[in-house]
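Enquirer: Mind looking over this structure? Questions follow.
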Amino acid sequence: MEAYEKKIIPQEFEVGELVLKENHHKLQVEKQDKGKFNTNWIGPYIIKMKYLKCVYILVIVDGKVDKFSTNANYLKPFYV
């Protein structure tokens, strides 16, 4: 287990950064949204608040606050 943890690079983001969130809802109700052609990342989101080291509250770019907090493992930086 220690060898595995050496390879993990913790990601930390700052408030105001743009990020993409991993799409957990890959199985959609409609047929056209199912399967391997569904998007893996959704966003961009803006980081609104940071809890502890790796828990974030996100805001969609149009201003809506995301319902759930998100772990940094499910985020990646968004480059414009």
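Enquirer: Going through the stretch 57-74 one residue at a time, which ones are closer than 14 Å to Gly16 by Cα and within 9 Å of the chain's Cα centre (by Cα)?
Expert: The one that is closer than 14 Å to Gly16 by Cα and within 9 Å of the chain's Cα centre (by Cα): Leu58.
Enquirer: Is there a residue in the stretch 41-57 that is over 10 Å from Leu75 (Cα atoms), at pLDDT 90 or above, among the charged types (D, E, K, R) and in contact with a Leu (Cβ under 8 Å, 6 or more places away or on another chain)?
Expert: Within the stretch 41-57, one or more residues are over 10 Å from Leu75 (Cα atoms), at pLDDT 90 or above, among the charged types (D, E, K, R) and in contact with a Leu (Cβ under 8 Å, 6 or more places away or on another chain).
The values are calculated or read from the model by the stated rules, or taken from the named source; none is laboratory data. Just so we're clear, the structure is a prediction, and the values are computed from it rather than from any experiment. Heads up, the Cβs are rebuilt from the backbone with ideal geometry, glycines too, and the neighbour counts pull from every protein chain shown.
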